[in-house]
Amino acid sequence: MSSLKIQSASLTIADKLLYADLSFQIERKEFWGLLGKNGAGKTSLIHCIAGLRSIDSGDVQLNEISVQDYSRAELAREIGILFQDGLETLPATVMETVMLGRHPHVQSMFKDSKDDLEIARHALQQFALTELSERQIDSLSGGEKQRVAIAMLIAQQPNFFLLDEPSNHLDIAFQFSILQQLKAILSARNGSMLMATHDINLAARFCDKIVLLLENGDYLCGDKMEILTPENLSLAYGCEIRQLGEEGLAFFYPV
Amino acid sequence: MIGQRHYLLIGALIVITIASIFTSLLSGSVNLGINAVVAELLNSGHELESQVLREIRIPRTVAAFTTGGLLALSGVIMQVLLRNPLADPYILGISGGAAVGALSAILLGAGGILLTNAAFAGALFSIALVFGIANKFGRWSVTRLLLTGVVVSAGWGAVINILLTTSSTNNVQSMLFWLMGDLSQSRVHLGHYTLLLIGLIGGLLFSRSLNVLSRGELVAQGLGVNIQYLRLVLYFSASVFTAAAVTIAGSVGFVGLVIPHMLRLLGARDHRILVPCSILLGGSFLVVADSLARIVIAPQQLPVGVVTAIIGVPSFIIILRSTISK
């Protein structure tokens, strides 16, 4: 059973201690939320886990092997990332962009394989992008671009999804339906995800486990029922947060 | 993604390339008919015609094609490396360094092989200087590389102006021709063809990585590209292609900036197609431009760099308009 293990990670950026001794382990089929206030180090942590940035001490291991010891291509077949900043781009169409998700997999030089095309088309269809497939990326709205980025991730078919603010630019209907779809896709392939988000309610709805980053390198992690309490959240965000409703459909709001 | 129309595009460009080469062989102050050219190519030509073709037109046409191909390829790579549509082969100061080398050689009365060597040395120096400064302090970033290149270019510009203002009128004339790009003295040899061939093959081998890198460095890494390695390869290959092109023909403008954009507008966005198409279109574009440079005000010649802009600007605008209205 594969797993993604963060082991006593510590990281300091620009003299600010983000994590001192951060450890948690993402098993297959688990859905993790990563919460913390602005600048708490959510994006950095995602980059560290993906091996895009090195941590000061500690280790990140995929299947018991440090991510730094994988080649980038091997890692890209296991771990897929949705970046917070969209796709800066020279001209390209939606379909061409989603096809890039197939890059880590072996491809022929002169031909696009039928399987790859089929996977990309299916991903477009899942995120209501089929109509847009020939459109230029720079002619799309923010929400459409976000869906393209997500479809590219789906075409990549990794086992671990690291999502950095997946709900960015999405309207409330898409926020809900896309996360539901992602969850369904992941469940079908026994995948898991770590979702960094500023939307506590989205995390409460879709995640089973939570990492909550606090000040001075502290953190809390565990089942969402334990972590997502008004006390913990108030501490993490430095403002008073209250809860409406009970466990299944809790809603948190600041006062 | 590659579709049928891309193969059509490559086919069309091969036809254009052949046509441009014939146009170039037929243009010049000595009037040669197509029969003479074909006869010569089949090795049964006349004495004088044979000499004109062999010693003047064929070398010049080959030089034009090689230069154009190298510049367009370098432009493609620079635009991806810097992810900036305004990037061209000269943006990182390579042509400036080469120009200072070449102009100094002219000032000292050197010509021929000495001049090309001086230009090449200047280009190499500039490549090393920009790379050194951009990597000296902390992490590599595109902005840092771009800024370093632009600043170093500006420095070279100042030196060029000093050389121009302090030289004799005679020298200034040759200096200006060099700066604008001129193929009349150009000769290419085996090294240049090899470089173009390496560019084509290497460009194809890296084409998928180029596709991914054009979406940004983070995205490329997330999709399994080893970015540290790739950008080194791209920086040095594009630089060497530019240095070679500049030593052949001076700083011919426009080709490296606009040919890649024209092809992207025509649908060649996948680098597996864009790389070979750029070499073909860049090469044949410069061959045609050079033919015009020879005949427009014959028997005098224009610097080819002027002609590239004169025919390039309107054709780019036409393509831009026709693709926008779609």
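Under 5 Å from the amide H of residue A:81 lie the amide H atoms of A:162, each residue being 5 or more positions distant or on a separate chain, with H modelled from the backbone and absent for Pro and chain starts.
Legend: residues B:7, B:90, sorted from most to least accessible area (1.4 Å probe; ligands, DNA and RNA excluded), read B:7, B:90.
Can you find, among B:267, B:173, B:141, the residue sitting farthest towards the positive end of the charge dipole of chain B, where Lys and Arg contribute +1 and Asp and Glu -1 at Cβ? The residue sitting most towards the positive pole is B:141. In terms of its alpha-carbon gyration tensor, the protein assembly as shown comes out prolate; a/c meets the 1.5 threshold, and the first ratio a/b outweighs b/c. Charged side chains reduced to their Cβ positions (Lys and Arg at +1, Asp and Glu at -1) give region B:4-325 a dipole of some 980 debye around its Cα centre. Here's the picture: charge each Lys and Arg Cβ at +1 and each Asp and Glu Cβ at -1 in chain B, and of B:13, B:107, B:188 the one pushed furthest to the positive end of that dipole is B:13.
Is it possible to state the helix-based mean residue ellipticity at 222 nm for chain A, with each DSSP H run of 4+ residues giving -39500 (n - 2.57), the sum divided by total residues, to the nearest 500 deg cm²/dmol? What is it? Numbers along the way, then the final one.
On the way: 9 runs with 85 residues, N = 255.
The helix-only estimate for chain A comes to -9500 deg cm²/dmol at 222 nm.
Evaluating 6.51 cos²θ - 1.76 cosθ + 1.60 at θ = phi - 60° for every residue in region A:224-231, the Karplus couplings come out as 4, 4, 6, 7, 7, 10, x, 5 Hz, glycine and proline recorded as x.
Measuring r between the beta carbons of residue B:295 and residue B:226 and using R0 = 41 Å, the FRET efficiency lands at 0.25.
Sparse packing (at most 13 other Cβ atoms within 10 Å of the Cβ) combined with a DSSP loop state is found for none of the chymotrypsin sites (Phe, Trp or Tyr not before Pro) in region B:205-301.
Do any GluC sites (Glu not before Pro) in region A:183-255 lie in a DSSP loop with no more than 14 other beta carbon atoms within 10 Å, and if so, which? Numbers along the way, then the final one.
Values: sites: A:215, A:226, A:231, A:240, A:246, A:247; in loops: A:240, A:246.
Here the sparse-neighbourhood loop sites are A:240, A:246.
Tell me the net charge near residue B:296. Cut-off is 15 Å between Cβ atoms, residue B:296 excluded, with +1 for each Lys or Arg and -1 for each Asp or Glu. If you can, show how the numbers build up before the last one.
Values: positive: B:294; negative: B:182, B:290.
Spelling it out: positives minus negatives among the neighbours equals -1.
When only Cα pairs below 8 angstrom with a gap of at least 6 residues are kept, chain B shows a relative contact order of 32 percent. Here is the list for region B:124-167: chymotrypsin sites (Phe, Trp or Tyr not before Pro) lying in DSSP coil, each with at most 10 other C-beta atoms within 10 angstrom of its C-beta, are B:137.
Taking amide H as placed 1.01 Å from N in the peptide plane, the amide H of residue A:21 sits under 5 Å from none that are at least 5 places away or on another chain.
Solvent-accessible surface of protein heavy atoms, probed at 1.4 angstrom with all chains present, puts A:47, A:198 in the order A:198, A:47, largest first. Once R0 is set to 25 Å, what does the formula 1/(1 + (r/R0)^6) return for the Cβ-Cβ distance between residue A:21 and residue A:66, expressed as a FRET efficiency to the nearest 0.05? Taking R0 as 25 Å, the efficiency between residue A:21 and residue A:66 is 0.90.
Of the whole protein surface, residue B:182 contributes about 20 Å² of accessible area at a 1.4 Å probe radius. Answer rounded, prolate or oblate for region B:4-325, using the Cα gyration tensor with square roots of eigenvalues a ≥ b ≥ c: rounded when a/c is under 1.5, else prolate when a/b is larger than b/c, else oblate. Cα axes put region B:4-325 in the oblate bin. Return the whole-Å distance between the Cα centroid of region B:295-326 and the Cα centroid of region A:94-141. Computed from Cα coordinates, the inter-centre distance equals 36 Å. A Cβ-based charge dipole, computed about the Cα centre of the protein assembly as shown with Lys and Arg at +1 and Asp and Glu at -1, lands at about 1360 debye. Rolling a 1.4 Å probe across all protein chains gives residue B:240 an accessible area of roughly 50 Å².
Given only helices, namely DSSP H runs of n ≥ 4 each adding -39500 (n - 2.57), what is the per-residue ellipticity at 222 nm of chain B, to the nearest 500 deg cm²/dmol? Mind showing how you got there, number by number?
Numbers: 15 runs with 246 residues, N = 326.
For chain B, the value works out to -25000 deg cm²/dmol.
Look at the dipole of chain A built from charges on Cβ: of A:157, A:13, A:195, the Cα furthest out on the positive end belongs to A:157.
Across peptide B:201-214, what mean number of C-beta atoms from other chains lies inside 10 Å of a residue's C-beta? For peptide B:201-214, the averaged partner shielding equals 2.
Between the C-alpha center of region B:179-209 and that of region A:186-250 there is a gap of 57 Å.
Across region A:44-72, the residues whose backbone nitrogen lies under 15 Å from the label position 7 Å along the beta-carbon direction of residue A:190 are A:63. Close lysine pairs were tallied over the protein assembly as shown: pairs 8 or more places apart or on different chains with Cα atoms under 16 Å apart number 10.
The values are calculated or read from the model by the stated rules, or taken from the named source; none is laboratory data. No experiment lies behind these values; they were computed from the predicted model shown. Quick reminder, even Gly has a Cβ in these numbers, built from the backbone with ideal geometry, and neighbours come from all protein chains shown. Keep in mind that these areas ignore ligands, DNA and RNA; they rest on the heavy atoms of the full protein, side chains included. Shrake-Rupley method; radii C 1.70, N 1.55, O 1.52, S 1.80 Å.
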